[in-house]
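See structure below.
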Amino acid sequence: MLSYLRRNRSLVVGAVLLGILILFMVVGALVVDTENAQPLSVPTLQPPSWDYPFGTDRQGRDLLAVMVAGTPLTLWIGFVAGFIGVGVGAVLAFTAAYYGGLVDAVIRGIADIGLTVPGLLVLIIIAVSLKGSLTVNQMAIVVASLAWLNPTRTIRSQVLTLRQRGYVEIARLSGMSGPEIIVRELMPNLLPYLAATLVSSVSAAILASIGLEVLGLGPIDSPTLGMTLYWVFFNAAIINGWWWWWSAPLVVIVMVFLGLFFLTVGLDEIANPRLRRTV
Amino acid sequence: MTALIELRAAGKSFTGGTLGRERKVALEPFSFAIDPARPGITAVVGESGSGKTTLARLLLGLIRPNVGEVLFKGRAVHRLNAAGRRDFRRSVQAIFQDPYEVYNPFYRVDHVLTTPVRKFALAGSAAEGRARIEAALEAVGLQPSEILGRYPHQLSGGQRQRIMVARALLLRPKLIVADEPVSMVDASLRATILGSLRKLHEEHGISILYITHDLATAYQVADRILVLYRAAVAEAGDVEPVVKTPQHPYTQLLIGSIPKVSTVRDWAVEQKQADRTVTAAGCTFADRCPSAMARCLTATPPLYQTAPNRAVACFLYETAPTLAQGDVGRVLVSV
Amino acid sequence: MTTNDTVLRVEGLRVAYDHPRGVVRAVDDVSFSLRPRERFGLAGESGSGKSTMALAILRMIKPPGRIEGGEVWLEDVALSRLTPEAMRQLRLAGIAMVPQGSMNSLNPVVRLRDQIGDALADHGERLPRRALTDRVRLLLSQVGLPAEVADKYPHELSGGMKQRACIAIAICLRPKVIIADEPTSALDVVVQRQVMETLGRVQAELGAAIILVGHDMGLMAQFVDRLGIMYAGRLVEVAPIADIIAAPRHPYTRLLIESLPSLEHREGLRGIAGLAPLLRELPPGCAFHPRCPLVGARCRVDKPAVRAVAPEATVACHLA
């Protein structure tokens with residue numbers, strides 16, 4: 001196991017990056033007072049110093065506290081949306097691929113139509129039409145509403161390739177029923193692929209949520225990464241030279257995406273034996 | 001006789017191309033039945049594209065015919081109810097060509113043996129099930145201790161194929177459809193596996209449909225033979241006369257092309273590189289046939305019964321009576 | 001055989017793979033020679049090392065495999081002493097290979113004419129369009145394919161035609177040795193005969209020697225002059241084909257020939273009991289002894305050396 005990890009470097013890099021973030025969040029929650037992530041907590045516009053290692057913003061938030069409090073929120077939105085997306089997508093994909101015919105045509109049709117509509121546009125419309133500001137959980141549901149489209153398609157393709165395998169036919173000849181074959185024969189072979197899809201789905205969900213938040217359509221009162229960037233743009237922080245305000249969330253966002261990306265690449269290698277470079 | 005499984009003028013074609021306008025015939029309709037009272041080993045010999053795999057899949061109920069019907073104990077296979085389907089699966093089993101593909105890499109090889117025991121309630125308890133599985137493995141020459149608990153990639157192709165034979169034996173079906181069971185297995189193991197199949201027939205009265213492109217093993221293993229060429233039956237009958245005195249020009253070509261281990265180095269029959277244009281209605285072999293007549297280019301010969309146990313689809317034998325409904329089963333009744 | 005008489009000489013070739021559980025010897029001290037225009041068969045079952053041998057001759061073994069020792073001479077050029085670039089030039093021009101399943105390795109988006117053109121260009125023969133067309137037509141006629149095939153894509157051709165196209169690519173630079181690894185295993189028996197007859201004719205016209213790697217003893221009997229039998233990475237017997245068929249010396253060879261189903265009498269099938277050993281778990285002594293009907297005490301302990309038993313025959317067995 002360890003020797004495999006030595007060779008599958010992507011997996012290690014991804015895990016390390018995310019590990020650092022998790023450590024940051026856990027240790028941070030114990031050490032930093034997250035109340036200071038709310039406005040009017042500390043002096044405004046302080047560059048990074050010993051008291052405020054990440055500096056403070058124009059509304060009096062301690063940016064270190066914002067990062068510690070906000071990163072888990074952003075990740076939470078991503079995970080919830082990603083899980084719902086892959087969960088719903090997997091169920092629809094297996095059903096469509098195994099049964100074929102009308103069922104497949106209907107599911108595939110809906111997914112295809114959904115995929116051609118610009119996702120961000122739909123999310124914006126949904127977010128705008130919801131009364132009042134969103135909570136973090138509502139945000140997750142909004143993003144999840146579209147997150148299942150891509151997984152449905154990609155998982156369906158994978159299942160279709162497996163469906164013709166000899167062992168599925170043998171299972172039929174052994175008396176297994178359709179759902180049983182899906183669960184007992186097809187699902188276990190797809191677990192690595194589902195894991196890789198999950199990670200990339202989480203990544204896409206985080207991106208979508210940040211996108212909405214930057215436009216101001218997210219949970220206004222929460223110190224998520226995207227909302228922080230919203231305030232950065234709202235206050236023209238870049239032009240004003242308050243570099244510490246946008247550096248912190250940027251670094252964290254980059255780490256999140258790189259970590260998830262490397263994790264996906266690493267999982268892809270496990271899922272697809274042909275990508276494996278060594279035995 | 002109520003046939004166990006019967007092809008009644010059944011054939012299969014696939015549509016393709018834009019707007020589904022192209023039609024490709026995978027198997028021309030013909031009739032054929034397996035009589036449970038007279039089990040035998042029937043070889044179906046043909047090259048790729050001959051329709052032999054389509055025939056196997058029709059008999060196993062994996063695909064449905066476009067023309068005619070496939071019947072199990074008198075009822076159409078695709079219209080069986082749950083109980084009927086269970087009986088069908090219990091009575092007709094298969095061994096496939098690829099010993100790699102038929103195993104789910106996620107499970108140990110025990111899975112392919114325990115699943116049928118479980119689904120068909122072949123044992124009263126776990127211990128009894130295990131005993132049955134071990135007996136089946138031993139019957140095909142495998143040591144249970146070397147096989148059970150292993151993953152597929154840890155075993156050789158020959159071992160995996162033998163496990164499949166053991167699996168078929170567990171179910172005690174009436175018919176085993178073996179689709180190229182040894183073509184992906186080493187030459188030295190073929191005899192063992194084919195021997196196990198023959199034993200299943202001799203000791204348990206199971207009918208075997210041995211589908212292959214290898215005429216030599218078909219000759220050694222089977223009692224009757226069906227030769228397919230380009231989706232249609234070319235010749236059928238008892239194996240000895242068909243191989244020793246082939247009547248259809250294609251069968252003659254096939255036998256002549258098999259490399260023989262003799263000290264005289266030659267490939268006996270001369271091949272014709274004919275390039276006559278044949279219409280779609282003509283005999284499928286007419287473009288390569290050394291005995292082709294003008295008639296062969298425009299009409300397809302029916303099956304003629306040239307002897308009580310021989311049928312040939314060739315105009316050279318048109319003086320013989322035609323087989324009604326293309327019922328090949330009538331000439332495949334020796335034993 | 002004297003050196004002027006051989007076009008290819010393999011001496012003591014050893015190929016090893018580094019497996020986590022030890023070193024696996026896929027080719028163990030194999031030696032043989034090839035005369036010009038000779039047809040040599042290399043027969044063995046899966047795991048015998050015959051395909052690895054073919055790759056090793058062309059020095060195409062990739063890690064985790066490596067050539068551990070031995071030498072291959074093409075006429076009087078020692079291949080191990082060539083630079084990688086020189087070896088690359090030698091492939092196809094000196095020794096050409098028709099690999100297993102090569103018909104499925106033809107580039108699906110390139111016309112045949114251009115695939116042959118690429119092969120020629122890679123070896124410094126960049127022909128203008130007219131000359132290339134003529135050269136391709138000549139090559140295709142040598143393998144019995146009509147000139148129109150040059151403009152076709154691989155998927156437009158049948159299996160037999162694709163395989164003959166691969167043979168055309170293999171001979172385009174007039175190599176001295178052709179190695180054909182299971183050239184007909186995916187083909188039907190009738191097409192197989194066409195392809196083998198093409199191969200034989202082409203080889204005779206070129207004056208090249210040919211190594212046919214495969215497991216079909218019947219095919220070997222019809223095609224080769226001399227046959228080598230491989231088992232567990234060693235060449236256990238080499239002899240002229242007529243001698244091997246009439247009087248095989250090694251018990252494995254004898255069993256292989258007996259296992260061929262005959263079309264003369266229905267006497268049932270005979271196989272070889274047991275399984276071919278895993279190369280990383282070879283039994284002590286002679287690798288074949290667990291399955292050998294004539295096994296003796298010495299066989300279980302001593303690995304038999306390859307001995308010459310006749311002018312052109314060798315065998316590795318204590319009892320032969």
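Collect residues whose amide H, placed 1.01 Å from N in the peptide plane, falls under 5 Å from the amide H of C:A26; neighbours closer than 5 in sequence don't count.
Here the answer is C:V15, C:A16, C:Y17, since their amide H atoms fall under 5 Å of that of C:A26.
Where the centroid of each part is defined by its Cα atoms, how far is region C:100-137 from region B:289-318 in Å?
44
Compute the acute angle (0 to 90°) between the alpha-carbon long axis of helix A:63-99 and the principal axis of greatest extent of the alpha-carbon atoms of chain A; round to the nearest 10°.
20
Average partner chain C-beta neighbours within 10 Å, per residue of B:44-50? All intermediate terms of the calculation are to be shown ahead of the outcome.
Details: counts 0, 0, 1, 5, 5, 2, 1.
Going residue by residue through B:44-50 and averaging, the value is 2.
How many percent of all Cα-Cα pairs in region A:151-193 sit more than 11 Å apart?
Working: 589 of 903 pairs.
Summing the P(r) tail past 11 Å for region A:151-193 gives 65 percent.
Applying 1/(1 + (r/R0)^6) with R0 = 56 Å to the Cβ-Cβ distance of A:V103 and C:E205, what FRET efficiency is obtained, to the nearest 0.05?
On the way: r = 60 Å, r/R0 = 1.07.
Plugging the Cβ-Cβ distance into 1/(1 + (r/R0)^6) gives 0.40.
Once you keep just the Cα pairs under 8 angstrom separated by 6 or more residues, what percentage relative contact order results for region A:52-275? Please list the in-between numbers first.
Numbers: 278 pairs, mean separation 69.0, N = 224.
Relative contact order of region A:52-275: 31 percent.
Could you work out the helix-only [θ] at 222 nm for the protein assembly as shown, with each DSSP H run of four or more residues adding -39,500 (n - 2.57) and the total divided by the number of residues, to the nearest 500 deg cm²/dmol? Mind showing how you got there, number by number?
Numbers: 32 runs with 399 residues, N = 934.
-13500 deg cm²/dmol, from helical runs alone.
Quick one: pull the percentage of alpha-carbon pairs in region C:249-320 with a separation above 14 Å.
On the way: 1660 of 2556 pairs.
Considering region C:249-320, 65 percent of its Cα-Cα pairs are separated by more than 14 Å.
On a 0 to 90° scale, report how tilted helix A:149-163 is relative to the longest principal axis of chain A, with both axes built from alpha carbons and the result rounded to the nearest 10.
30
What is the order of A:W148, A:W243, fewest Cβ neighbours within 10 Å to most?
Arranged by neighbour count, lowest to highest, A:W148, A:W243 become A:W243, A:W148.
Tell me whether region C:168-320 comes out rounded, prolate or oblate; compute the Cα gyration tensor, take square roots of the eigenvalues as a ≥ b ≥ c, and use a/c under 1.5 as the rounded threshold.
Details: a/c = 2.05, a/b = 1.58, b/c = 1.30.
Note, shape of region C:168-320 comes out prolate.
So what is the orientation-averaged projected area of region A:37-105, using the convex hull of its C-alpha atoms, in nm²?
Numbers: hull surface 26.2 nm².
One quarter of the hull surface, i.e. the mean projection, equals 6.6 nm².
Pairwise over distinct Cα atoms, reciprocal of the mean inverse distance: report the Kirkwood radius of region B:148-253 in Å, one decimal place.
Details: mean 1/r = 0.0662 Å⁻¹.
Across region B:148-253, the inverse of the average 1/r is 15.1 Å.
Only Cα pairs under 8 Å and at least 6 apart count here; give the relative contact order of chain B as a rounded whole percent. Could you put the intermediate results ahead of the total?
Values: 620 pairs, mean separation 67.5, N = 335.
Normalised by residue count, the contact order of chain B is 20 percent.
Could you order the peptides C:182-189, B:247-254, A:159-166 from most to least packed, using the average number of other C-beta atoms within 10 Å per residue?
Values: C:182-189: 20.6, B:247-254: 23.1, A:159-166: 16.0.
Packing proxy ranking, top to bottom: B:247-254, C:182-189, A:159-166.
Once you keep just the Cα pairs under 8 angstrom separated by 6 or more residues, what percentage relative contact order results for chain C?
Details: 580 pairs, mean separation 66.5, N = 320.
Relative contact order, chain C: 21 percent.
Net charge near B:G158: determine it from the other residues with C-beta under 9 Å of the C-beta of B:G158, scoring Lys and Arg +1 and Asp and Glu -1. Can you show the working numbers first?
Working: positive: B:R160, B:R162, B:R190; negative: B:D186.
Here the count lands on +2.
Return, ordered by residue number, the residues of region B:186-216 whose backbone nitrogen is under 16 Å from a label point located 7 Å along Cα→Cβ of C:S185.
Answer for region B:186-216: B:186-190.
What order do you get for A:T135, B:T192, A:T152 when you list them from fewest to most C-beta neighbours inside 10 Å?
Values: A:T135 12, B:T192 24, A:T152 27.
Taking fewest neighbouring Cβ atoms as first place, the list is A:T135, B:T192, A:T152.
Using all alpha carbons of chain B, what is the percent of pairwise distances in each 10 Å bin, ordered from the shortest bin to the longest?
Percent of pairs per bin, in order: 5, 24, 32, 24, 12, 3, 0.
Using θ = phi - 60° and the Karplus curve 6.51 cos²θ - 1.76 cosθ + 1.60, what whole-Hz ³J(HN,Hα) does each residue of region C:100-107 get, with Gly and Pro shown as x?
For region C:100-107, the Karplus-derived couplings read 5, x, 5, 5, 8, 9, 5, 5 Hz, x marking Gly and Pro.
Based on other C-beta atoms within 10 Å, arrange B:Y304, A:Y99 from fewest to most.
Values: B:Y304 20, A:Y99 14.
Lowest to highest Cβ neighbour count: A:Y99, B:Y304.
Debye sum, Cα scatterers, region A:31-177, no solvent: what log₁₀ I/I(0) at q = 0.09, 0.13, 0.18, 0.19 1/Å?
-0.50, -0.75, -1.03, -1.08
Enter the mean number of other protein chain beta carbons within 10 Å of the beta carbon of each residue in A:156-163, as an integer.
On the way: counts 0, 0, 0, 0, 0, 0, 1, 0.
Averaged over the peptide's residues, the number is 0.
If the reach is capped at under 19 angstrom between alpha carbons, list the lysines near C:K152, excluding any in the same chain fewer than eight residues apart.
Leaving aside lysines fewer than 8 places away in the same chain, those within reach of C:K152 are C:K162.
Can you list the equivalent-ellipsoid semi-axes of region A:52-275, largest first and in whole Å, using the square root of 5 times each Cα gyration tensor eigenvalue? Provide the component values of the computation, followed by the final result.
Numbers: eigenvalues 331, 72, 30 Å².
The equivalent ellipsoid of region A:52-275 has semi-axes of 41, 19, 12 Å.
How long are the three semi-axes of the equivalent ellipsoid of the protein assembly as shown, in whole Å, if each is the root of 5 times an eigenvalue of the C-alpha gyration tensor, listed from largest down? Could the numbers behind the result be given before it?
Working: eigenvalues 686, 290, 175 Å².
So the three semi-axes of the protein assembly as shown are 59, 38, 30 Å.
Do the alpha carbons of any pairs in C:K50/C:K176; B:K52/B:K119; B:K12/B:K73 sit beyond 24 Å of each other, and which pairs? Provide the component values of the computation, followed by the final result.
Details: C:K50/C:K176 20 Å; B:K52/B:K119 29 Å; B:K12/B:K73 21 Å.
Table pairs above 24 Å Cα-Cα are B:K52/B:K119.
So for chain C, considering every pair of alpha-carbon atoms, how many percent are separated by more than 35 Å? Could the numbers behind the result be given before it?
Working: 11709 of 51040 pairs.
Tail of P(r) above 35 Å: 23 percent of Cα pairs.
Values quoted throughout were computed directly from the atomic coordinates according to the rules given, and no laboratory measurement underlies them. Only a predicted model underlies this, so the values are computations on that prediction, with no experimental measurement involved. Cβ: placed from backbone, ideal geometry, glycine included. Neighbour counts: every protein chain shown.
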